[in-house]
Every structure is written in C-alpha cells, then in structure tokens.
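So the structure is just underneath, and the comments pick up after that.
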Amino acid sequence: QVQLVESGGGLVQPGGSLRLSCAASGTIDSIYRMTWYRQAPGKQRELVASITSGADTKYAESVEGRFTISRDNAEKTVYLQMNSLKPEDTAVYYCRVGYSGTWGQGTQVTVSS
C-alpha cells in the first residue's frame, strides 16, 4: 500500500504563490498517474490536475495557466505550484494515485486578504 502525505499549505493573499508537496511512502510504481484534488466547504471534491508517467499534464479549466503539476519519481514526490492565487482556490488539497487511490490527510490552502 501507498501512504500519501500532503504539505505546504497555508494562508496567502490573492495573487500570491504556494507550492504543495505530496510525499509517498510504501510501494509505488512510477508508471502510475498522479493527481491533485481539492475540496472547499460544502462543495464536491474536484480534480485539479494530473500527470502521467511520461509527464503529460492536464488541468481543470479553473486553474489552467496558473497551476503546474510536476513529479520526482526518485523522491516519490508530486508537486503543485500554485501562482496567481484567487480566493476561490481556498480548499483542502489532496493528492492521489490515479483516480481511485486512497487519500492523504490533505493540506489547507486559504487565499484571503
């Protein structure tokens, strides 16, 4: 089994930047797609970004051009660089193996003045 630990969240002002990390432990293969999700209070958890083993990336329209997902297979870590943050980006962010893996504890991102 793979265990995932998200970190790097915090409080930032609109227009600011933040870099999230997702560290994996246990058994994991570099061939798997990795994903980032987020969930705001009262809302459905939504897919934010994904990255394949070949480093092909996909993004939700709401974050396209502002967020960048990347991976370091040697370190078994996935990153989410978040730029030009908006208040609507406020949520708990989670990473996942593919679209059906288990969740980590999540990391809170709050964008507010």
For the chain, set up a Gaussian network in which alpha carbons nearer than 10 Å are linked by springs, and say which option among GLY16, GLY26, GLY65 fluctuates the most. GLY26
Candidate lysines - alpha carbon under 27 Å from LYS86, same-chain residues fewer than 8 apart omitted: LYS43, LYS58
Computed lengthening from ALA60 to GLU75, 0.36 nm per intervening residue step minus Cα-Cα distance: 2.8 nm
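Please compute the per residue accessible area over the stretch 17-57 with all protein chains in place, 1.4 Å probe, rounded to a whole number of Å². Mind showing how you got there, number by number?
Working: 2210 Å² over 41 residues.
Ligands and nucleic acids excluded, the figure is 54 Å² per residue.
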Counting only other residues whose beta carbon sits under 14 Å from that of SER53, what net charge do I get with K and R as +1, D and E as -1? +1
Ignoring ligands and nucleic acids, ASP89 exposes an accessible area, probe 1.4 Å, in Å² to the nearest 10, of 0 Å²
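Could you put GLU6, GLU75 in order of accessible surface area, largest first, with the 1.4 Å probe and the full protein assembly present?
Details: GLU6 5, GLU75 120 Å².
Accessible-area ranking of GLU6, GLU75, largest first: GLU75, GLU6.
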Label ALA23 and THR102 with points 7 Å out from Cα along Cα→Cβ: what is the distance between them in nm? 1.8 nm
Quick one: among GLN44, GLN13, GLN81, which has the greatest mean-square fluctuation in a GNM of the chain with alpha-carbon springs under 10 angstrom? GLN44
Cα convex hull of the chain - mean projected area over all directions, nm²: 6.5 nm²
What residue among ARG45, ARG71, ARG96 has the largest mean-square fluctuation in a Gaussian network model of the chain, using Cα springs under 10 Å? ARG45
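Over the stretch 61-100, what percent of the accessible surface lies on carbon and sulfur atoms, probe 1.4 Å? The partial results should precede the final answer.
Numbers: 880 of 1980 Å².
Roughly 44 percent of what the probe reaches on the stretch 61-100 is carbon or sulfur.
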Under a 1.4 Å probe, counting only protein heavy atoms, VAL78 has an accessible area in Å², nearest 10, of 10 Å²
Provide the solvent-accessible area of LEU11, counting protein heavy atoms only and rolling a 1.4 Å probe, rounded to the nearest 10 Å². 130 Å²
Taking only C-alpha pairs under 8 Å that are 6+ residues apart, what is the relative contact order of the chain in percent? 37 percent
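The values are calculated or read from the model by the stated rules, or taken from the named source; none is laboratory data. Predicted model, so just to flag it, every value in this text is computed and none were measured. Please note: Cβ atoms are built from the backbone with ideal geometry, for glycine as well, and neighbour counts cover all protein chains shown. All accessible areas refer to the heavy atoms of the entire protein, side chains included, with ligands and DNA or RNA removed. Shrake-Rupley method; radii C 1.70, N 1.55, O 1.52, S 1.80 Å.
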